[in-house]
Amino acid sequence: MNIRNMMKFTGAWNTFKRNHPKFPAFCQAVSRKGIREGSIIEIVFTTPEGEKIETNLKVKNSDLELLRQLSE
């Protein structure tokens, strides 16, 4: 990632954190527990009309490096 893209990302991330202050705290709590193989991540998307799309994934050992990078 070049410097310009990194600065744009940092600005967008800072705005996201201001808009959603509970999300970084949630990520920190998950990080303290430690995502391990066998952990389950659930995701729910709800439209403004109330339609829900849900999924979950069971973390595999091969997923851990990507999840570690995303958490940094």
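None of the figures in this text is laboratory data; all of them are computed from the coordinates on show. Values in this document were obtained by computation on a predicted structure and should not be read as measured data. No Cβ is skipped: glycine too gets one built from the backbone with ideal geometry, and neighbour counts run over all protein chains shown.
Decide, for the chain, between rounded, prolate and oblate: order the square roots of the alpha carbon gyration tensor eigenvalues as a ≥ b ≥ c, take rounded if a/c falls under 1.5, and otherwise choose prolate if a/b is larger than b/c, else oblate.
Working: a/c = 1.79, a/b = 1.13, b/c = 1.58.
Verdict is oblate for the chain.
For LYS17 and LEU64, calculate 0.36 nm times their separation in residues minus their Cα-Cα distance, and state this gained length in nm to one decimal. Intermediate results must be reported in sequence, preceding the final value.
On the way: separation 47, 0.36 × 47 = 16.92 nm, distance 2.39 nm.
Full extension of this stretch gives 14.5 nm more.
Describe numerically, in nm with one decimal, the distance between label points set 7 Å from Cα along Cα→Cβ at VAL44 and at ILE3.
About 4.5 nm separates the two model spin labels.
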